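Q: Structure incoming, see below.
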Amino acid sequence: MGLTTENTQRLLVVDDEVIVVSLVSDALEDAGYQVLTATDSLAALELIRHHQLDLIISDIRMPGLNGIELVKQARSLQPDVAVIFITGFADLHSAKDAIQQGAHDYIMKPFELTEIRAAVRKAIEKRNETAGKSSESQLMRLSEMNNLLFTTGDSQSLIISSLRFAMMQQNADMGSVLYHDREQNQFALITLEGDSRVDSCLPEDPVSQVLAQLTDRERVYSAVIDKRESHPLWRMLAACNEASTAIGSWKTADESMILIPIARADHWYGFAMLGYRTDSSKVGSANLNFLNIAASQLAISLENLALLKEAQISYASLKGLQDQTIELEKMATRGLMSAEIGHEMNNFLAVVAGNLQLLQLHLSRQEYGQIDEHIETINDTLKRMTVFTRNLMDPTPTSSNKESVRFDRVLTEVISFVSPQKRFRGIEIVGPGPCPVTEFQADATQIQQLLYNLFNNAADAMMKSATRRITLKLLLADDKQHFTFTLTDTGCGFDPEVIAKAFQERFTTKETGHGFGLVVCRRIIDNHGGRLHLDSIPGQGATIAITFPTAGTPDQTEASASQTGHLVIA
Ligand code: ADP
């Protein structure tokens, strides 16, 4: 018995005359065929059970099972196999009969080797033609199975539907599947017989051990197992308490079974077993190729399902992350708003606290002249705080609070408001001198806020300056369409890098700063159609000029910034 060249058609040569076997096999191997040989029918049957064959060349007269009977059994296992009989003159009749029943050819002994080669070539060609036809119907069956796999959504249903399909196609009375349930991370055994179904889970150990014992071939190719009991997989199931109910129905079944591995590439999913109540010839007629293909389709579907599950899990966790991000963004916005509100409230509270301190001082000195003034400022500030908080709660845009406001008056108010404050002690406020009437549509509270922030920043910038002066100017354009307010300080000035970031939220260079003052200023200027121009010489001071329209359509100039110490914001 020998096995030669790979990847070609596989032939089996059976003859009880060793010399014939060796001659024929040599000649066919030389012609490029893969040749298996046997010198008796039993050895031949063994090979037929375990190897997919294209052609059997068999002697007719052999001890035990004769060639014709051998081929009959071979056909029940491999219906598409081609057959050539080698015959002596005495068996010519039987050979001709066999051809009637589907053998492809016969060759009379003694024969020429060229004759054998020609017959083999012809028989294989003929067989391929018919095999093509039967593979068409197999394709149809496979596409039926594919439809089934595509419409089934979980791995257990996939496995059960495929088992039913295989049982139906092979007319099996019972079927079991042993598989690894990835979701539950356990081995499961399902047995079907008629309408009944028995499920059980098997312990990890015996299954893994038996799987380790199987040969590579057993893991990949479907096979007919003549004696179930002698197979390690079956022995393990029979010995396993957990499996006893599931395989109970097999006890009355025929002793042989078809074992179909559900595997793809190097991934093993399970085994399907098909059995028959009594008739072992049905087991033999199984089309193992078809079952192999069907099992690998199932394995692909299981793989796809697992990939789909993974994708679903990734999607769910991405979605979770996205929700978290949205929540974080919301929180950040809330945080930003609270910081802005805190900043504004601090300004108001500083004024109230400062005036209360002054009140206390004057009262302790029994100087009553300025008491009314302080009380008025506190009242004013409280009113502004009320307006500010009302605006916060008011969903309508801030511009809706605009009315006709005189900028020069608001400016005077703010100067008198800030000058007594501790922060402004020692700071000289120069100007604006006699103010032109600068009337525009504005929200007075916002304009106060704007000026207050600018005054505070100027005071902070001059903390270390030798000369501490704020110079104010208010000019009405000749056409009276715009007016420009200018505030110049003698502070540290803006560094070019600071200019680029000064109007961003949370940007501050101060130890106790919030980084919202200029953001609020910018928003207020925007809200009034104004334009800000910043001029600064680091170390010498800064000038902020704001131009507002007195009437008509607001300017829509884009904001621009440069590193040279100028900034214009529309
Ligand atoms: P904060 O006052 O909380 O720092 P602002 O937005 O009002 O926030 O100011 C941002 C930064 O701009 C300040 O930290 C400071 O570095 C700079 N800045 C603002 N006004 C002036 C100014 N008049 N002179 C110099 N730098 C200033």
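Q: So, taking all protein chains as they sit and a 1.4 Å probe, how much accessible area belongs to W268, in Å² rounded to tens?
A: 50 Å²
Q: If you plug each phi of region 519-533 into the Karplus form 6.51 cos²θ - 1.76 cosθ + 1.60 with θ = phi - 60°, what whole-Hz ³J(HN,Hα) values come out, in order, with x for Gly and Pro?
A: 4, 5, 4, 4, 5, 5, 4, 3, 5, 10, x, x, 9, 10, 10
Q: Using the Cα gyration tensor of region 14-56, with a ≥ b ≥ c the square roots of its eigenvalues, what is the shape: rounded (a/c below 1.5), prolate (a/b larger than b/c) or oblate (neither)?
A: Oblate.
Q: With a 1.4 Å probe and all protein chains kept in place, how do Y33, Y368, Y106 rank by accessible area, largest first?
A: I get Y368, Y106, Y33, largest accessible area first.
Q: Could you state the number of Å between the C-alpha centres of region 67-89 and region 259-278?
A: 28 Å
Q: If you filter region 438-504 for chymotrypsin sites (Phe, Trp or Tyr not before Pro), then keep DSSP loop positions with at most 13 other Cβ within 10 Å, what is left?
A: Filter output for region 438-504: empty list.
Q: Another one. Using alpha carbons only, how many angstrom separate the centre of region 454-469 from the centre of region 516-530?
A: 21 Å
Q: Which order do you get for R235, R10, R164 if you rank them by accessible area with a 1.4 Å probe, largest at the top?
A: The residues order as R235, R164, R10, largest area first.
Q: Can you list the HN-Hα couplings for region 536-544, worked out from phi with the Karplus curve (6.51, -1.76, 1.60; θ = phi - 60°), rounded to whole Hz and with x for Gly and Pro?
A: 8, 10, x, x, 10, x, 9, 10, 10
Q: Can you give me the solvent accessible area of T39 with a 1.4 Å probe, rounded to the nearest 10 Å²?
A: 60 Å²
Q: Place the peptides 272-278, 22-28 in order of packing, highest mean first, counting for every residue the other Cβ atoms within 10 Å and averaging per peptide.
A: Going from most to least packed, we get 272-278, 22-28.
Q: Going by accessible area, probe 1.4 Å, with all protein chains left in place, what is the ranking of I470, I68, I293, largest first?
A: Descending accessible area places them as I293, I68, I470.
Q: Rounded to the nearest 10 Å², what accessible area does D199 show when all protein chains are kept and the probe is 1.4 Å?
A: 80 Å²
Q: Counting Lys and Arg as +1 and Asp and Glu as -1, what is the net charge of the other residues whose Cβ lies under 13 Å from the Cβ of L359?
A: Here the charged neighbours net out to -3.
Q: How much net charge surrounds G491 when only the other residues with a Cβ under 9 Å from the Cβ of G491 are counted, with Lys and Arg +1 and Asp and Glu -1?
A: Residues close to G491 contribute a combined charge of 0.
Q: Then there is this: In region 33-125, which GluC sites (Glu not before Pro) fall in coil by DSSP and have 10 or fewer other Cβ atoms within 10 Å?
A: When the GluC sites (Glu not before Pro) of region 33-125 are filtered for loop state and at most 10 Cβ neighbours within 10 Å, E112 remain.
Q: Hey, what did region 353-495 get for relative contact order, percent, Cα under 8 Å, at least 6 apart?
A: 21 percent
The values are calculated or read from the model by the stated rules, or taken from the named source; none is laboratory data. This one's a predicted model, so the numbers in the text were calculated from it and none came from an experiment. Every residue, glycine as well, gets a Cβ built from its backbone with ideal geometry; the counts of neighbours run over all protein chains shown. Ligands, DNA and RNA are stripped out before the accessible areas are found, and what is left, the full protein with its side chains, is counted by its heavy atoms. Shrake-Rupley method; radii C 1.70, N 1.55, O 1.52, S 1.80 Å.
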